[in-house]
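Student: Quick one: this structure, given as structure tokens, is what I'll be asking you about.
The values are calculated or read from the model by the stated rules, or taken from the named source; none is laboratory data. Here the structure is a predicted model, which is why all the values come from computation and not from measurement. All Cβ positions, even for glycine, are placed from backbone atoms using ideal geometry, and neighbour counts span all protein chains on display. Remember, those area values only see protein heavy atoms, side chains included, never the ligands or the DNA or RNA. Shrake-Rupley method; radii C 1.70, N 1.55, O 1.52, S 1.80 Å.
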Amino acid sequence: MNSGILVVAAERELRRQLFDVLDRAGHPSIYSARDATHAAILLEGRNALQLIIVVLSGDEPQALVICEQLRDLSVGAEMPLIAVLTEDASFDPTDLPMGVSDWLHAAQINSELAARWRRLQTIVSTQAKTAPAIATANNEEQGDYRYLFDEGDGEWLIVDPHSQCLLEVSPTVATHSHVHASQWQGLPLSEVLQFEGVTIEQVLLDADRRWYPCQRKSAQGVDTGQANVRSIRHAGRAALALMFCSDRADLRAEAALSLLSRMFVSTSGVDTQIAAARLLFDELGLDYLTVWSARHTGLDVPNQLLQLWSGDDLEWPAAQLQTSLQSVLGGKPFVYRTDAARLAPTDPLLQQLDLVSFAGLPLYDERHTVLGAMLAGSRIGFGEISIIEPVLRCAAARFAQMLELNRTRAQGRAEGLIDALTGLPNRLLFNDRLTTIIHEATRNGECFSVLFVDLDRFKLINDTHGHAAGDQVLRVVAQRLSASVRASDTVARYAGDEFIVVLRHVVKNDDVSRVAEKIMQAMGTPLSLDNGTELQLGASMGLSFFPDDANDPETLLRHADEAMYAAKRQGRNTFKIYEMSPEYAQQHGTVLRSRLRHAEGNGELRVVYQPQVNTESEDIVGMEALVRWEHPELGMISPAVFIPLAEETGLIVSIGEWVMRTACFQAQEWERLYGLRLRLGVNLSAVQLIEPHLLDTVARVLGETGLDPSLLELEITESISIKTAPNLIENLNALHRLGCHIAIDDFGTGAASLDYLRRLPADRIKIDQSFVRNIGVDPDDEAIVRATIDMAHRLKRAVVAEGVETEQHFEFLREHHCDELQGYLFCRPQPPLNFGNMLAERQRLMDERSTAVA
């Protein structure tokens, strides 16, 4: 009995997408694996498969190895195999390994996968009934070489290996080069292809299907691309077949996708529009390209935004006389593949351009209103219309997007919300955003920071070099500030030479200090004015925190402003963190302390749970218990605010015991229901660690809840030292003897010595999230993460990475063998009900798989 479908994909999101498509199509047994090794473990002892679906990326040798590994599986032999090619697959689909039954691009998964599998099932069923003698795999030996001409969009050149002259070419050679087929036969290969860094003799001698960069002659000169060689039979004799793939975006789908990706990564603006147009013009080999805006400027005429033309200067007809343009602005697209001349009698533009191919596409906004028009043409004809037409439509969508964004920004400037000089939110818009951020932070218990940035001696720059230089400085400062923060943060021009930055999702104040230092370094980079003068900029910066310093916009800004002036008094070009007056600090802290004393008794404390997953299996192996305070009047109060107060007042001892008991009760209940042996992490503060009765407290909680001591992991921060907790080692050793595990939390933020780490009876080290979040951003933090993992493994400690938020974080940590992961990429901290539902769903899926196998 066929046991199911195997999905193999290194990228987690693609595995999910493939699984969902197959699941919706009604396939009950779907096995999802990262690679062949994972698949072998997953399929141990199972029956033969119906189908293997593998995602391929990288180059051809990598694809070949993966397919061979899957074929070597006991359940994978002779099974149909569908290949899914990602955007970074660097080989032609026609060079997929033998035995691949079908292929599609990753972008086609939702629309094509189920249909391809149904079609493949029909073919397999027919073959099983009729058992025909299939000779396709042996065509090369049989002399039937013409099947090559049907392989994709490649150009085929058949060569005599002795004379190195062309015997025959495929029709695509003439079509793509615009050189008639009769002119190719008998030409020496050296006049047709020029290879880079290797001789023709070496290429022909290898005949190993390896790709070589080269140039192929065409009517316009040459086309760059790549070619490979294979041995065939031609007219009963040995011959060589060269396949040439052009890099022109109008001939190859892969090149077209690359072109579009480059067009879409850029932002808006006139310069970007011109750059995108030039890219499209060059890559498609166009002779004419223009973009018009239909926006009325008092007169009912369109406005030409850009125009590119490869010919001589012309007397361009007025827009009102260009009937093709007017038709497109009226919402009527057209594409003339070879007969653009038919428009010439009614359009004076076409009378002058002498185009063979011509296309006109409206530029639509999201409401399908025509914003403008894009016209494109070629004097020798477009390339593959199946490629070039979608590319032109995507390009039109990109120009429409740029045009709409520019109009939106112009509208924002007109309404007084966007600063005209820098393009940043102005004071009015920023104040509105800050209010919104405070509402969100209050609801989610989030901390954030406000940075008030003031340029040092900006008036002197204006007076000395002029206002134009001052404007240039302000634009550069805006760019540097924006480049120094994350996309979720906010940068605004507040007034004159004053800027405001809001840093969201602050976990520790030290994180903000690191960003502030980064901004100061960026500001210190010399700036060259347009007149050649080099300036050394400086800035003073003040920082305030929500909700520590204030919980309303006005006070937060005032405190940041006060800290900024403190930085100026200290000598400028530095930053200061706001320090409240002793009187205010005492009043502010007294209110919270008073309310915190009653929080436990009033039922205002909550415990939430964040899962920890195994890096290899991506299955849940543990969870961390985190405390939250939800006050009936103040709302969610951040742990960064109330935990220090609890430690200062000694309330952390009773709160900590309550959290431990609550979490252990809950963990034991989940263990009874699901038996997953999930490890429970509970934080211990420095105050708790010096408690003489800590061991008795932990033992009592374990006894009352019935939780296995080996499932409890107590987390201590790296910053706790033997001096601040004299009996630290003794307490931890005693807890270890009790059967509990020990983890060092926030690793990398303290100053622990290697000897200190060796002495601690720690089972696990948790890398602080401030380093993890900078993976892909800061090479220094990446080096710290790598070194921490290596050191921990040398000390026989497992490693958990906190703050894993992106696939880039995940791939980096898996590549460097981090054992476990924790962060928003997998799951936010969840209340008990949600966390329990997640475990129940996991159990349901496991039961379904077990039933399917049985």
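Student: Within the stretch 232-241, identify whether any single residue is part of a strand (DSSP E or B) and within 39 Å of the chain's Cα centre (by Cα), and answer yes or no.
Tutor: There is no residue in the stretch 232-241 that is part of a strand (DSSP E or B) and within 39 Å of the chain's Cα centre (by Cα).
Student: Hey, any hits in the stretch 812-822 for a residue that's modelled with pLDDT of 90 or more and aromatic (F, W, Y)?
Tutor: yes
Student: May I ask you to say which residue of V653, V608, V687, V627 is under 30 Å from H817 (Cβ atoms) and among the hydrophobic types (A, V, I, L, M, F, W, C)? Give the derivation first.
Tutor: Numbers: V653 fails: under 30 Å from H817 (Cβ atoms); V687 fails: under 30 Å from H817 (Cβ atoms); V627 fails: under 30 Å from H817 (Cβ atoms).
Only one candidate passes the filter, namely V608.
Student: When A560 is evaluated against the numbered criteria (1) at pLDDT 80 or above; (2) open to solvent by 50 Å² or more (accessible area, probe 1.4 Å); (3) of a type in the set (A, V, I, L, M, F, W, C), which criterion, by number, is the only one it fails?
Tutor: (2)
A quick yes/no check of all residues on (1) surrounded by 16 or more Cβ atoms within 10 Å (Cβ to Cβ); (2) of a type outside the set (G, A, S):
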position: D287; (1), (2): yes, yes
position: T290; (1), (2): yes, yes
position: A319; (1), (2): yes, no
position: A341; (1), (2): no, no
position: G360; (1), (2): yes, no
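Student: Moving to a separate point now. Could you look through the stretch 20-35, keep only residues that are crowded, with 18+ Cβ neighbours inside 10 Å and farther than 17 Å from W103 by Cβ, and pick out the one that is modelled with the lowest pLDDT?
Tutor: The qualifying residue modelled with the lowest pLDDT is S29.
Student: Could you list, in sequence order, the residues of the stretch 655-701 that are of a type in the set (S, T, Y) and either over 30 Å from E446 (Cβ atoms) or modelled with pLDDT under 90 (or both)?
Tutor: Initial filter on the stretch 655-701 (of a type in the set (S, T, Y)): 662, 674, 685, 697.
Within the stretch 655-701, Y674, S685, T697 meet the criteria.
Student: Please return the ranges of helices (runs of 4 or more DSSP H) entirely within the stretch 448-564 where 1 or more residues are within 28 Å of the chain's Cα centre (by Cα).
Tutor: Because the criterion is at least 1 residues that are within 28 Å of the chain's Cα centre (by Cα), the helices (runs of 4 or more DSSP H) in the stretch 448-564 that meet it are 467-484, 509-523.
Student: On to the next question. In this structure, does C245 turn out to be at pLDDT below 85, open to solvent by less than 20 Å² (accessible area, probe 1.4 Å) and not in a helix (DSSP H, G or I)? Write out each step before concluding.
Tutor: Numbers: at pLDDT below 85: yes; open to solvent by less than 20 Å² (accessible area, probe 1.4 Å): yes; not in a helix (DSSP H, G or I): yes.
It is true that C245 is at pLDDT below 85, open to solvent by less than 20 Å² (accessible area, probe 1.4 Å) and not in a helix (DSSP H, G or I).
Conditions tested, residue by residue: (1) open to solvent by 50 Å² or more (accessible area, probe 1.4 Å); (2) of a type in the set (G, A, S).
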site	(1), (2)
R786	yes, no
I789	no, no
R794	yes, no
E811	yes, no
G823	no, yes
Q830	no, no
M838	yes, no
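A quick yes/no check of all residues on (1) charged (D, E, K, R); (2) without any contact (Cβ under 8 Å) to a residue 60 or more places away in the chain; (3) closer than 27 Å to A276 by Cβ; (4) open to solvent by 80 Å² or more (accessible area, probe 1.4 Å):
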| site | (1), (2), (3), (4) |
| --- | --- |
| N406 | no, no, yes, no |
| L428 | no, yes, no, yes |
| A441 | no, no, no, no |
| N444 | no, no, no, yes |
| L455 | no, no, no, no |
| G470 | no, yes, no, no |
| L481 | no, yes, yes, no |
| R493 | yes, no, no, no |
| F499 | no, no, no, no |
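Student: Name the residues in the stretch 669-684 that are part of a loop (DSSP other than H, G, I, E, B) and either exposed (fewer than 15 other Cβ atoms within 10 Å of the Cβ) or of a type in the set (S, T, N, Q) (or both), would you? Give the steps one after another, and end with the answer.
Tutor: Taking the stretch 669-684 first, the residues part of a loop (DSSP other than H, G, I, E, B) are 675-678, 684.
Those that are part of a loop (DSSP other than H, G, I, E, B) and either exposed (fewer than 15 other Cβ atoms within 10 Å of the Cβ) or of a type in the set (S, T, N, Q) (or both): G675, R677.
Student: Take the residues of the stretch 653-693 that are β-branched (V, I, T) and closer than 30 Å to N837 by Cα: which is nearest to the chain's Cα centre (by Cα)? Write out each step before concluding.
Tutor: Let us first name the residues in the stretch 653-693 that are β-branched (V, I, T), namely 653, 655, 659, 662, 682, 687, 690.
Those left that are additionally closer than 30 Å to N837 by Cα: 655, 659, 662, 682.
Working: I655: 40, V659: 37, T662: 38, V682: 32 Å.
Applying the filter and picking the extreme gives V682.
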